[in-house]
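Structure first, then comments.
Nothing in this text is a laboratory measurement; each read-out follows from the coordinates by a stated rule. Source: prediction; values computed, not measured. Because the Cβ atoms are built from the backbone with ideal geometry, glycine has one as well, and the counts that use them run over all protein chains shown.
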Amino acid sequence: AEPELAAQFEATVRRKDRIEPRDWMPDAYRKTVVRQVAQHAHSEIIGMQPEGAWIGRAPSLRRKATLLAKVQDEAGHGLYLYSATETLGVSRQHLTEMLIAGKQKYSSIFNYPALSYADVGTIGWLVDGAAICNQVPLCRTSYGPYGRAMIRICKEESFHQRQGYELLMTMMRGTDEQRAMVQESVDRFWWPALMMFGPPDDASPNTEQSMAWGIKTHTNDELRQRFVDMTVPQAEALGVTLPDPDLVWNEERGAHDFGQPDWDEFWDVVKGSGPCNAQRIAHRKRAWDEGAWVREAAVAFANANDEEVPA
Ligand code: FAQ
């Protein structure tokens with residue numbers, strides 16, 4: 001019956017309908033969904049660290065409450081996404097162990113440090129802004145549980161982006177020193193934010209197959225372009241300069257031309273040599289080890305009550 005099931009799978013993907021957990025799917029499709037969703041989940045969890053470091057140093061109660069809510073949202077996103085991989089029979093425990101062992105990736109962006117409170121604003125504006133550009137199309141991804149998780153995540157990312165932009169706007173209305181902090185932060189985050197979309201299309205081994213399966217609906221370069229076009233007017237309204245001398249409106253294309261990030265730096269960061277890679281994984285490992293007793297207690301409780309054991 002396999003050719004028949006394969007034909008059904010192909011037809012579902014062609015109609016842009018959803019593949020659900022109990023549906024037949026090619027092994028390579030399952031593997032690709034698990035890879036992308038796991039990397040995405042890990043990014044949300046590791047992504048709590050740069051901003052989380054500022055919760056105890058927020059400049060006011062209002063800023064602290066906002067930042068705390070945002071960082072907690074990222075934890076929630078990680079959990080919805082790990083739940084999506086669990087529908088394919090891969091547990092959060094297994095994925096976390098793979099992450100800590102350096103066998104799975106997370107987004108390059110979180111290997112850069114947050115050095116000032118302006119970075120909290122810039123991460124919200126540029127990093128969550130890039131995340132939204134990438135993730136809104138993923139609401140229509142072919143794997144059902146992933147697409148449905150994305151809908152809620154995108155709503156929350158939109159709040160994150162706005163709180164970041166509003167923070168930067170407030171600083172830009174402040175002193176010269178505050179304006180300089182914002183510009184310095186934007187200068188550091190601009191290129192790493194562009195790298196979040198992944199390598200250029202001609203160096204992206206997964207895009208073609210992932211698009212054919214409807215896991216991705218746009219290429220890395222298409223989404224990077226969309227992000228640049230969306231961000232330029234926001235930078236103007238804010239009064240900051242984006243650090244790219246080649247950034248210019250192209251009337252003919254109806255889009256901005258822009259320079260290329262340093263792709264050697266990108267691959268170095270992806271391979272583990274970024275400024276904070278070792279620190280991020282060490283922190284994650286410490287949190288995982290220190291939480292072992294909680295997981296053990298949950299299992300003991302579930303066994304005692306004859307409940308299903310959480311993964
Ligand atoms: N960093 O063939 P492609 C967030 C890897 S947003 C590290 O193009 P693909 C929200 C890629 O995995 C960030 N590695 O790959 C937040 C592959 O390696 P592999 C998370 C990268 O999958 C905000 C190799 O390079 N968002 O967390 C990166 O077709 C603030 C070749 O690349 C998502 O994960 C990178 N930037 O396209 C949280 C979105 N780019 O696995 C806290 C969902 C590529 O073959 C605070 N993911 N690589 O060994 C995607 O849309 C895709 O996976 C791409 C990459 C577009 C990221």
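Relative to its residue count, the chain spans a Cα convex hull of 150 Å³ per residue. For the set LYS31/LYS103; LYS70/LYS105; LYS70/LYS271, the pairs lying more than 19 angstrom apart at their alpha carbons are LYS70/LYS105; LYS70/LYS271.
The relative contact order of the chain, computed from alpha carbon pairs under 8 Å that lie at least 6 residues apart in sequence, is 19 percent. Shown is the FRET efficiency for ASP176 and TRP263, computed with R0 = 35 Å from the Cβ-Cβ distance and rounded to the nearest 0.05: 0.50. With unit charges on the beta carbon (Lys/Arg positive, Asp/Glu negative), name the residue among THR66, ALA28, MET195 whose Cα is farthest towards the positive pole of the charge dipole of the chain. In the chain, that residue is THR66. The order of the peptides 72-81, 171-180 by mean Cβ neighbours within 10 Å, most packed first, is 72-81, 171-180. Over the range 42-154, the fraction of Cα-Cα pairs per 10 Å bin, rounded to whole percents and listed from the shortest bin up, is 13, 42, 34, 11, 0. Would you mind getting me the FRET efficiency between ASN305 and HIS94? Use the beta-carbon distance for r and R0 = 35 Å, nearest 0.05. After rounding to 0.05, the efficiency reads 0.90. Both radii come from the Cα set of the range 121-266: Rg as radius of gyration, Rh as Kirkwood radius; their ratio Rg/Rh reads 0.99. Of all the options ASP262, ASP187, ASP128, the one that moves most in a Gaussian network model of the chain with Cα springs shorter than 10 angstrom is ASP262.
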